[in-house]
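To keep things clear, I will list the structure first and then write my remarks on it.
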Amino acid sequence: MLANKLLGDILYYCTVLSFIITVYKLGVIKEWKKYYSTILFLDLASLIYEFIFLYNYPLWEYGAKSPFGHTIPKFINMAITYPCSVMLFLHYYPKQKQIYRHAIYIFKWVCLYVIIEFIFYTLGTFRYYNGWNIGWSIIFCLFMFPLIKLHDNHPIWAWTASLSVLLIMMLILKFPFNALP
């Protein structure tokens, strides 16, 4: 079991490295300023999750019982993985107005994120809590990627949608509101 978790940690850092290499190799990093506000949006959303859920009612955790802990991967996600994802996702987002192209593009990103999560879950470095599962992760990704695009074009609408969905998720998942910090 420890070997699987160690393999999961190694795979995690290889995944992060592959995001970095991809962003540099494709030259997307040169346009980081264009995507900066959306990167901050995703990072702030992650911090809101950490503040509201993590210690009182966690839904998921990366690095569960890992020799490297879970704080470092969370920081790396916010500092590297999320920014790289946002830059790649928005840079290559289809310019055509055909909705099916947008749906296929978003579906590919959802598949990428869910497959990565499933691998980490299988290796024991990713855990679910309080009713969360891979199905919820799929739904979350189906919401998150269009939201990233929405924020790129209409930040106020993205924040409104995010906070509304946050409240709905808290109700569905029976979040104990008296546990708020």
**OP:** Write out, first by first residue and then by second, each pair whose Cβ atoms fall under 7 Å of each other, whose residues are 6+ apart or on separate chains, and whose first residue, in the range 94-109, is assigned to a helix (DSSP H, G or I) while the second is modelled with pLDDT of 95 or more.
**Re:** Arg101/Pro94; His102/Pro94; Tyr105/Tyr93; Tyr105/Pro94; Ile106/Phe145; Ile106/Pro146; Trp109/Phe89; Trp109/Phe145
**OP:** Within the range 44-51, identify whether any single residue is modelled with pLDDT of 90 or more, closer than 23 Å to Cys84 by Cβ and among the acidic types (Asp, Glu), and answer yes or no.
**Re:** no
Original post:
Restricting attention to the range 54-63, and to residues there that are modelled with pLDDT of 85 or more and aromatic (Phe, Trp, Tyr), which single residue is nearest to the chain's Cα centre (by Cα)?
Top reply: Trp60
**OP:** Look through the range 123-143, keep the residues that are under 20 Å from Phe51 (Cβ atoms) and without any contact (Cβ under 8 Å) to a residue 40 or more places away in the chain, and return whichever of them is surrounded by the fewest Cβ atoms within 10 Å (Cβ to Cβ).
**Re:** Phe143
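Specify the residue that is farthest from the chain's Cα centre (by Cα); the eligible residues are those in the range 114-145 that are of a type in the set (S, T, N, Q) and in a helix (DSSP H, G or I).
Only one residue fits best here, namely Thr122.
Can you say whether Phe89 is modelled with pLDDT of 90 or more, of a type outside the set (S, T, N, Q), part of a helix (DSSP H, G or I) and at negative phi, as far as the supplied structure shows?
Values: modelled with pLDDT of 90 or more: yes; of a type outside the set (S, T, N, Q): yes; part of a helix (DSSP H, G or I): yes; at negative phi: yes.
Answer is yes for this residue.
The values are calculated or read from the model by the stated rules, or taken from the named source; none is laboratory data. On a predicted model such as this, the values are computed, not experimentally measured, just so you know. Glycine also receives a Cβ, built like all others from the backbone with ideal geometry; neighbour counts cover every protein chain displayed.
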